[in-house]
Amino acid sequence: MKKILLITGRNAAESVKEYAKPSKIPVEIHVCNIDVASMVTPEIVHRELRKSNLGEISAILVPGTAKGNFSGITEDLKIPCFKGPENLVDLPYLLRKLSKSDIRLSPEIPANSILENEIQKGIDKELENAYRPKKYSLKIGRNNPVFSGLGISHIVAEIPDAPQLSDSRIREISNYYKNSGAGIIDIGMISGEDNSGEIPRIVNAVRSIARIPISIDSLNRNEILAAVNSGIDLILSLDFTNIEMWLNLLGSDKCPRRSLGHIASSLKIPSVIIPRDEKGRIPGNGNLRIELIEKLIKKLKKENYKKFIVDLVLDPPNMGFVEAISTYSYFRKKHPEIPMLLGVGNITELMDADSIGINAVLAAIASELEIDLLFTTEASPKTKGSVGELSMAARMMYLSKKRKQYPKDLGIDLLYLKEKRIIENVIDPREKNIKEVSITRDRELQLEGVEFRIYAGDSKINVVYYKNKNPKLKLSGESASKIYKEMIRRGLTKNLEHAAYLGRELEKAEIALKLGKNYVQDKELF
């Protein structure tokens, strides 16, 4: 590519020069006789360029925000004309891509949209290959199985206290977890209780909606037996308190003892093993945990059982967190071939901090240590969305490691509340000639004879319309704009101040739903 001609308006000319400086492709800038770049049209470009010397120009880039189809410029000037990015901050990235490869840009679609689609296709292909490998160390499940030893972590999402939930609620959570990116759905049982009779119902409810592997988190012999009979795919957890029960897993008063080797060969059910001793204690010292795990592994291998996954237990911050990470690191160096699990929920649930960043950092740790399974749950409002966050973080870290680059500029991110780049405001110079009113005090709202109660619940925004203090109508929906448009259509408010107030409150309610925050009418979100 010889030289690219960048088209812009007067207001953005200096910014375009700055963003184009790092380009390896020679660029030339044409400033149209117009202030705002988004007002550039095919007619303006044609009129201003038709008498110009374009001999060195191999392509023309117009602003991505420009309206219209610029294919006519290509026909008239015999030079390809495409739309650039909508935001100037993306211009350096586009120019870098153009210098390395042949990108099919469009005279109608902004370049950033095309790049996003291409990037996403590449990501999808890489991740598809990662999740469906030809070689692996362990396979979990039959329906959409999970594979270990791939360099990418899979999410195990727990349904807490599953026996207490109805079938419909279990299906609802299972569907939500599956759509959030969970690879395995875990049935969380209730410690100290025997709910083995509930197992078939729970497994059927999960399986009816989510055709992915299912695990059970229990130490109870009867519950594990019921889970095995129901076709469970993974069992959590095996330790020295229940090793003998495992060795007799299929035994009964009428059946002789069968070794774990027979069980493995007939059922092929993997299990997670943890460093708990005969008295039910997990040592605080990392070396002692590894000793316990290695003894357990030796005992299992003696019985010809090798389908185990090691969980060394991740302690919360200031309760052994750093030593636990060190223990995982040491074990991985010593046993590079053994699948591992990291209990991420131990951190997010026991720390009053937003889960997004925590999950990203823990996924990075898991990626470096080649940890196969990340166990989490969404047992409290502050951890809502953790399954999706962790799933996205695991994919980010896999791409980062595979491409040997930092986990940034990968095409996927976890920037929910903050921006990576600030978009510059394009100021109309004519603003200098108009009066500026500085608002310093809040005027009292003059309301009409109607009232609205707004609240968020069941993943919806709810608005109750009151007239003469009596409720007359309720509107519900997920979109603030759809609700206020319906309110306008029905003529529920005529007062402009009231309408502005309602728009503000509805938008707050929508943001609260997306972030999992509480919404209280007339109270600030942050």
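Tell me whether segment 86-107 contains one or more residues that are part of a strand (DSSP E or B) and either basic (K, R) or in contact with a helix residue (DSSP H, G or I) (Cβ under 7 Å, 6 or more places away or on another chain) (or both). No, the conditions are met nowhere in segment 86-107. Just a yes or no: is a residue in segment 33-43 more than 30 Å from G183 (Cβ to Cβ), in contact with a helix residue (DSSP H, G or I) (Cβ under 6 Å, 6 or more places away or on another chain), at pLDDT 90 or above and not aromatic (F, W, Y)? Yes; the residues of segment 33-43 include at least one that is more than 30 Å from G183 (Cβ to Cβ), in contact with a helix residue (DSSP H, G or I) (Cβ under 6 Å, 6 or more places away or on another chain), at pLDDT 90 or above and not aromatic (F, W, Y).
Pairs linking a residue in segment 136-161 that is assigned by TED's automatic domain parsing to the domain that holds T376 and aromatic (F, W, Y) to a residue that is part of a loop (DSSP other than H, G, I, E, B) and loosely packed, with under 15 Cβ neighbours inside 10 Å, with Cβ atoms under 7 Å and 6 or more positions apart or on different chains, are F147/P133. Scanning segment 363-380 for residues that are free of Cβ contacts under 8 Å to residues at least 40 places away in the same chain and either under 20 Å from I273 (Cβ atoms) or not small (G, A, S) (or both) returns a single hit, E368. Just one residue in the set K523, K517, K508 is part of a loop (DSSP other than H, G, I, E, B), surrounded by 15 or more Cβ atoms within 10 Å (Cβ to Cβ) and among the basic types (K, R); that residue is K517.
Filtering segment 422-466 to residues that are assigned to a loop (DSSP other than H, G, I, E, B) and either within 22 Å of E14 (Cβ to Cβ) or at pLDDT 85 or above (or both) leaves I422, I423, E424, N425, V426, I427, D428, I434, K435, S459.
Of all residues in segment 69-84, those satisfying the criterion of being touching a strand residue (DSSP E or B) at 6+ places or on another chain (Cβ under 9 Å) and part of a loop (DSSP other than H, G, I, E, B) are F70, I79, P80, G84.
Filtering segment 17-43 to residues that are part of a helix (DSSP H, G or I), of a type in the set (D, E) and over 39 Å from the mean Cα position of the chain (by Cα) leaves only E43. Of P92, P63, all but one fail to be modelled with pLDDT under 90, of a type outside the set (D, E, K, R), under 26 Å from D428 (Cα atoms) and buried (at least 16 other Cβ atoms within 10 Å of the Cβ); the exception is P92. When you check L61 against the structure, is it over 23 Å from A393 (Cα atoms), in the same structural domain as A13 (by TED's automatic domain parsing) and in a strand (DSSP E or B), yes or no? Yes. Residues in segment 210-227 that are crowded, with 20+ Cβ neighbours inside 10 Å and part of a helix (DSSP H, G or I): E223, I224, A226, A227. Exactly one residue out of R289, R201, R276, R281 is modelled with pLDDT of 85 or more and touching an Asp or Glu at 6+ places or on another chain (Cβ under 6 Å), and it is R276.
Looking only at segment 170-186, count how many residues are of a type in the set (A, V, I, L, M, F, W, C), touching an Asp or Glu at 6+ places or on another chain (Cβ under 9 Å) and touching a residue at least 24 places away in the same chain (Cβ under 8 Å). Matching residues across segment 170-186 total 2. Total residues in segment 305-349 satisfying the condition of being surrounded by fewer than 20 Cβ atoms within 10 Å (Cβ to Cβ), of a type in the set (D, E, K, R) and touching a helix residue (DSSP H, G or I) at 6+ places or on another chain (Cβ under 8 Å): the figure is 5. Residues that are of a type in the set (A, V, I, L, M) and either outside the structural domain of M189 (by TED's automatic domain parsing) or within 11 Å of D167 (Cβ to Cβ) (or both) within segment 204-221 comprise A205, V206, I209, listed in sequence order. What are the residues in segment 381-392 that are surrounded by fewer than 17 Cβ atoms within 10 Å (Cβ to Cβ) and either assigned to a loop (DSSP other than H, G, I, E, B) or at pLDDT 90 or above (or both), if any? Scanning segment 381-392 gives a single hit, K384. Within segment 392-412, is even one residue without any contact (Cβ under 8 Å) to a residue 60 or more places away in the chain and small (G, A, S)? Within segment 392-412 (the criterion being without any contact (Cβ under 8 Å) to a residue 60 or more places away in the chain and small (G, A, S)), the answer is yes, since at least one residue qualifies. Inspection of segment 393-414 finds a residue satisfying the criterion of being assigned to a loop (DSSP other than H, G, I, E, B) and basic (K, R).
The values are calculated or read from the model by the stated rules, or taken from the named source; none is laboratory data. Predicted model only: the values in this text are computed from it and were never measured. Glycine also receives a Cβ, built like all others from the backbone with ideal geometry; neighbour counts cover every protein chain displayed.
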